[in-house]
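K.L.:
Input: one structure, supplied below.
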Ligand SMILES: [Zn+2]
């Protein structure tokens, strides 16, 4: 297979985001420029005395952002003069809302004081990149139901908490494509029929690293155990783990790599029992919806510029295999998604995976 040179250009997320990235070029340049020697020198007290020009520049940008009229009211309740911010979400918030944000945990919202806290460079960068309350709310409140009453400055703690959890933790008001609950399994065969010649022309939009961590309570296919291995199928591509002999709770920790074409369907996962004599028996299967991950990554842009944060969530539902909701997060500049799947078409078994999505359009 070969990759054509016509890779998509960023960002392919919601139009609303694309319009908000006016400062992108400047920001990227600033974030990537080497740090001045003063900032890199670890010896003595010089580091604290002489703050680099780049840092001051960043903090000035943050202040500038805070003083924009849209950021003069709390992103969640509209209280005037917010003094707090969620650095990873990119919103300025009031003290009351900041308390709720803090209770969500830093993996969802990293709360900092605009005036009191020391900000890391990537925290400032992610605030600037998201662009303030209007931009963030255009994402997180894109599909606020008509007539929905947002909390106001005097709302009760319960009301405030309910809204903030729905908005950021459950991400209920995101654009539907960013919060896909289930996937029609009829889509599964949609792209599988491509002929060999078409394969040569496929444009890949990214690489998916799938770490197959392990299985629990898998089905018995031999006398008293099974020799399981996992097969992943994406369109015409297949990848498989090694066989683990006689184990219903196997640990693989194997990473499988797949290229993801522009027209992708669900990732299919199958567990088989290796059989020396007969055809290998199916021990269960599951489908993984990649849209949540890929759309969320496209919407939020270069993960290398974002702090650790949740950017999407594939919700458990009756017609998908999830054991629990699966969050798409940025962790150390990478887009990751852990998930536990209940195997279908079998009597028992769960499988644990971790996906890493590497877009090729960054
Ligand atoms: Zn507030």
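K.L.:
Among the residues of the range 87-113 satisfying the criterion of being under 18 Å from residue 69 (Cα atoms) and in contact (Cβ under 8 Å) with a residue 40 or more places away in the chain, which is nearest to the ligand (Cβ to nearest atom)?
P.N.:
94
K.L.:
Looking at (1) farther than 21 Å from residue 303 by Cα; (2) within 18 Å of the chain's Cα centre (by Cα), can you tell me which one residue 96 breaks?
P.N.:
(2)
Residue by residue, here is whether (1) within 16 Å of the ligand (Cβ to nearest atom); (2) at pLDDT 95 or above; (3) in contact with a strand residue (DSSP E or B) (Cβ under 8 Å, 6 or more places away or on another chain) holds:
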{"position": "165", "(1), (2), (3)": "yes, no, no"}
{"position": "186", "(1), (2), (3)": "no, no, no"}
{"position": "191", "(1), (2), (3)": "no, no, yes"}
{"position": "194", "(1), (2), (3)": "no, no, no"}
{"position": "202", "(1), (2), (3)": "no, no, yes"}
{"position": "216", "(1), (2), (3)": "no, yes, yes"}
{"position": "234", "(1), (2), (3)": "no, no, yes"}
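K.L.:
Cβ contacts < 6 Å: first residue within 17 Å of residue 112 (Cα to Cα) and within 16 Å of the ligand (Cβ to nearest atom), restricted to the range 56-78; second residue assigned to a helix (DSSP H, G or I) and at pLDDT 95 or above, any location; separation 6+ or different chain. Result?
P.N.:
74/97; 76/97; 76/164
K.L.:
Among residues belonging to the range 116-148 that are part of a helix (DSSP H, G or I) and within 16 Å of the ligand (Cβ to nearest atom), point out the one that is surrounded by the fewest Cβ atoms within 10 Å (Cβ to Cβ).
P.N.:
134
K.L.:
Same structure, new question: Return only the number of the condition from (1) closer than 24 Å to residue 175 by Cβ; (2) within 13 Å of the ligand (Cβ to nearest atom); (3) in contact with a strand residue (DSSP E or B) (Cβ under 9 Å, 6 or more places away or on another chain) that residue 151 does not satisfy.
P.N.:
Failing condition for residue 151: (3).
The values are calculated or read from the model by the stated rules, or taken from the named source; none is laboratory data. Everything numeric here is computed off the predicted structure, so don't read it as measured data. Cβ: placed from backbone, ideal geometry, glycine included. Neighbour counts: every protein chain shown.
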